[in-house]
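The values are calculated or read from the model by the stated rules, or taken from the named source; none is laboratory data. Remember, predicted model here, so these are calculated numbers, not experimental data. Every residue, glycine as well, gets a Cβ built from its backbone with ideal geometry; the counts of neighbours run over all protein chains shown. Calculation scope for accessible area: heavy atoms of the full protein, side chains included, ligands and nucleic acids excluded. Shrake-Rupley method; radii C 1.70, N 1.55, O 1.52, S 1.80 Å.
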Amino acid sequence: MNCDNFCSLFPITYSLLPVPCSLFPVPFGIVLFNPKLAMKNITLLSTTLLIATSGLVLVAPQAASALNWNWSYSAPGIEASGTFTTNDTPDDLGFFLISEITGTRNSETITGLQPTGTSTPGNEPFQVDNLISLDANQLTTDGFGFSTSAGNFVNVFFASFLQPPGFFEIFSAPPFITGFENLGPEDSELPISFSAKPVIVSEPTHSISILTLATLGLASTIKRKLKPSPSKQKV
């Protein structure tokens, strides 16, 4: 049996090989009428392919990706939580820049992140920087901001200038009057408990698993082809 005939028996399995089937002479000199010698060579082939293909996957460069966070804060009458998306590399001070936010504040859905360098309505002239870190303080004195489905706005920040320092939420509701000193009865500035943690995601291993299954499948398929049938054993 030549290589082409042999490969035609296992078209799916051999299509997974990283080189043409013609480079595998039945493969590696397997003598089909000698099952013991055949299985010895098949095991060697399977191991070689597994090591080679796994190595190709493991050394492939990993593309830079965003970092996801879970965040939450609370105070009497306030429950807020959701997710951040940031860049995956901190700046020189250890801060990550928030680019997206999702979640809820009480029964209101968060609809968007306050653009960096702007003020939430009613809290002018303080501008958010949308920075988050792994340090105990986590936020700057500018903090991050967001809008809600009810048309309200929120600015969460760390008041390092107070004694003791702590996290605060400024809540602004319509009608908005320019200037933080003009907070109305519908607005509030309250201390809160805040925390945020990155979501740890394991590296994907499905590519290696597929190659492993394919390689082992080659050995299993050929083994079934070479195993004598019960009727032949009885002869």
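In the full protein context, the range 61-180 carries 49 Å² of accessible surface per residue, based on a 1.4 Å probe and ignoring ligands, DNA and RNA. Placing +1 on each Lys and Arg Cβ and -1 on each Asp and Glu Cβ, with no other charges, gives the range 125-203 a dipole about its Cα centre of roughly 120 debye. Going by the alpha-carbon gyration tensor, a ≥ b ≥ c the square roots of its eigenvalues, is the range 79-134 rounded (a/c under 1.5) or, if a/c is not under 1.5, prolate (a/b greater than b/c) versus oblate? The shape class here is oblate. Amide H to amide H distances under 5 Å link T120 with V128, where only residues 5 or more positions off or on other chains count and H is placed in the peptide plane. Model label sites at N106 and E124, defined 7 Å from Cα along the beta-carbon direction, differ in position by 2.6 nm.
Applied to the range 149-155, the Karplus parametrisation 6.51 cos²θ - 1.76 cosθ + 1.60 on θ = phi - 60° returns per-residue 3J(HN,Hα) values of 5, 8, x, 9, 10, 9, 10 Hz, with x for Gly and Pro.
Once the Cβ-Cβ distance of N68 and E189 is raised to the sixth power relative to R0 = 35 Å, the FRET efficiency obtained is 0.75.
Per the Kirkwood formula applied to alpha carbons, the range 93-196 shows a radius of gyration over Rh ratio, Rg over Rh, of 0.94.
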